[in-house]
Amino acid sequence: MGFFNTFMNNSEKLYLALMEKYELELLENEKTLLMYFRNSINIDITDDYLVEVDEYVKKFSETIIKAEKLKEFIKYNNIEL
């Protein structure tokens, strides 16, 4: 958190921190999924492999939903940021 955060209220700081967390989670899961899909040429597709990839898809999707729901919550409750 930098210089400009000095002028932010706590709600704004919390919102931005959560959105930053979600963005990092998305990037991490996206990177992992890209590795699976781009490097899967010589890999046997087993049940364990599918479960593992599916878990990253789930994490990716859940993070998108969390970010969307947070935005809706802020808007619905008229929270000033």
Cα-based Rg and Dmax for the chain, in Å, come out at 17.5, 54
Once the dipole of the stretch 6-76 is set up from charges on Cβ (+1 Lys and Arg, -1 Asp and Glu), the residue from the list ALA17, THR32, SER61 lying farthest towards its positive end is ALA17
Counting only DSSP loop positions in the chain, the GluC sites (Glu not before Pro) whose Cβ has at most 14 other Cβ atoms within 10 Å are GLU80
Taking a straight Cα-to-Cα line shorter than 15 Å from LYS21, and setting aside same-chain aspartates and glutamates fewer than 8 residues away, one finds GLU12, GLU30, GLU62, GLU68
Answer check: the stretch 35-81, Cα atoms, Kirkwood Rh, Rg/Rh ratio of 1.31
With Cα springs under 10 Å, the Gaussian network model of the chain assigns the largest mean-square fluctuation among SER61, SER11, SER40 to SER40
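Any read-out appearing in this document is the output of simple, stated calculations on the displayed coordinates, not a laboratory observation. Remember, it's a predicted structure, so these values are computed and weren't measured experimentally. A quick note on method: Cβ atoms are made from the backbone with ideal geometry, for glycine too, and the neighbour counts reach across all protein chains shown.
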